[in-house]
Amino acid sequence: MSRPTILRVPPLSPQLHDTVGERYDAVDPTDLPARAADVVGIVSSNAGQVGSDLIASLPNLGVIANHGVGYDNIDVPVALARGIAVSNTPEVLDDAVAETAIALLLAVRREVVVADRFVREGRWPAGPYPLTAQVAGSRVGIVGLGRIGQAVATRLEALGCTVSYHNRRQVDGVPYAYAASPVELAASVDSLVVVVPGGSATDALVDREVLDALGPDGVLVNIARGSVVDQPALVAALQDGRLGGAGLDVYADEPNVPAELVALDNVVLLPHVASGTHVTRAAMRELTLANLDAWLADGTLRTPVPEMGQ
Ligand code: NAP
Ligand code: 8YV
């Protein structure tokens, strides 16, 4: 029996790229348009766009399996209008992403990177490192108290922080204070962690007003999407001293990080690695391919995106 033809939309990790190649009749964008009519499925990840043009060019496409919980890289309305199933990888990455948020918050507040540089540059013998801020006892707001946001919240509680949050809807049964807007939340906390989905609904949700409400002693942590924060406003707030610091995993135009951010000592910069542990990426790969296999077997999905309403 012939194997189903699956399009690998780059970039995929080498492991995912190779596994798709071993299990299916894998094709890459360079094989299009010659093989377009054969393609029944797509495997993608957050940095690979699955836009309306690509979807329209694949007449027999039936499923898009995204390696990642966020799927703002996919034109979901266009896919669903054609009856194409779309899956993502929720839950399996919550722990890894939440601990990255905590790592960034601790690194910025305790100046871990700058203090490391201080030791490496041999500056310690000349005198002690200055005192830093403390995370224990501080107030932390979470924009997006979903699966990952709640995993961040429980870790913050263990660190002795007071947690509050903003979502569009209040969450039942959580012990955290609710704020009706990102500005209201930012004005009431010391640090703000952003964990909402990307896309047009959250574009620049964290704008100049939110950053100013967070203030000169405030710290912003963004592990969501670069699009959620107004990046020029963030750079200006940090440069002007209107914001105290930032811990960032995501950017407006990845992998390009503005030189202005690189130049700042009160900013810790990660290269979109929040889910990037061996164990989590293996679980994400497995779930991505389990979705693909389920759809190929009987048209179902293990973890359909919420827009599919299943
Ligand atoms: P989730 O469970 O769906 O949680 C998302 C939360 O955001 C929900 O509580 C939702 O509540 C809130 N929200 C959505 N739209 C909002 C808006 N316009 N204003 C305010 N709140 C809003 O998703 P998750 O699994 O926690 O993942 C969250 C996101 O993290 C992903 O979509 C992805 O973009 C990002 N992520 C990044 C990495 C990384 O590598 N850096 C890794 C994994 C995930 P309401 O619906 O009530 O508003
Ligand atoms: C990426 C992410 O998907 O899950 C998400 O939304 O942003 C990440 O986990 C991953 O880095 C690449 O596949």
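Once fully extended, how much extra length lies between ASP265 and ARG169, figured as 0.36 nm per residue of separation less the alpha-carbon to alpha-carbon distance? Display every interim value, and only then the final one.
On the way: separation 96, 0.36 × 96 = 34.56 nm, distance 3.61 nm.
Using 0.36 nm per residue and subtracting the Cα-Cα distance, I get 30.9 nm.
Please list, ordered by chain and number, the residues whose modelled amide H lies under 5 Å from the amide H of ILE64; skip anything fewer than 5 residues away on the same chain.
Distant-sequence amide H within range of ILE64: ILE42, ALA85, VAL86, SER87.
For the range 115-266, just list the percent of Cα-Cα distances falling in each 10 Å bin from zero outward, please.
11, 39, 33, 13, 3, 0
What do the square roots of 5 times the Cα gyration tensor eigenvalues come to for the range 239-310, in whole Å, largest first, as semi-axes of the equivalent ellipsoid?
Working: eigenvalues 296, 40, 20 Å².
Square roots of five times the eigenvalues give 38, 14, 10 Å.
Counting other C-beta atoms within 10 Å, which of SER200, SER227 has the fewest, and how do the rest follow?
Working: SER200 7, SER227 20.
Ranked by crowding around the Cβ, least crowded first: SER200, SER227.
Calculate how large, on average over all directions, the projected area of the Cα convex hull of the chain is; give the answer in nm² to one decimal.
Working: hull surface 71.3 nm².
Value for the chain: 17.8 nm².
Could you tell me the relative contact order of the range 7-158? Use alpha-carbon pairs under 8 Å, at least six residues apart, and round to a whole percent.
Working: 172 pairs, mean separation 26.0, N = 152.
Worked out over the range 7-158, it gives 17 percent.
Between GLN239 and SER200, what is the spin-label point distance in nm, taking each point 7 Å from the Cα along the Cα→C-beta axis?
Using points 7 Å along Cα→Cβ, the separation is 3.1 nm.
Length gain on complete extension for the stretch HIS278 to VAL114, per 0.36 nm per residue less the alpha carbon to alpha carbon distance? Don't jump to the answer; show the numbers that get you there.
Details: separation 164, 0.36 × 164 = 59.04 nm, distance 2.73 nm.
Result for the pair: 56.3 nm of gain on full extension.
Need one number: % antiparallel among DSSP beta bridges in the chain, to the nearest 5. Don't skip to the end; give the middle numbers.
Details: 2 of 41 bridges.
Percent antiparallel among DSSP bridges in the chain is about 5.
Using a Debye calculation, one point per C-alpha and no hydration shell, please list log10 I(q)/I(0) for the range 55-154 at q = 0.12, 0.14 Å⁻¹ in order.
-0.64, -0.74
Any idea how far apart LEU159 and ASP31 come out in nm if each label point goes 7 Å out from Cα toward Cβ?
It is 4.5 nm.
Toward the positive end of the charge dipole of the chain, about the Cα centre and with charges on Cβ (Lys, Arg +1; Asp, Glu -1), which of ALA133, VAL195, GLY51 goes farthest?
The residue sitting most towards the positive pole is ALA133.
Between LEU238, LEU214, LEU264, find the one with the highest GNM mean-square fluctuation for the chain; connect C-alpha pairs within less than 10 Å.
LEU264
Read-outs: derived from the displayed coordinates by stated rules, not from any lab. If you're wondering where the values come from, they're calculated on a predicted model, not measured in any experiment. In this analysis, Cβ positions are derived from the backbone assuming ideal geometry, glycine residues included, and neighbour counts consider all displayed protein chains.
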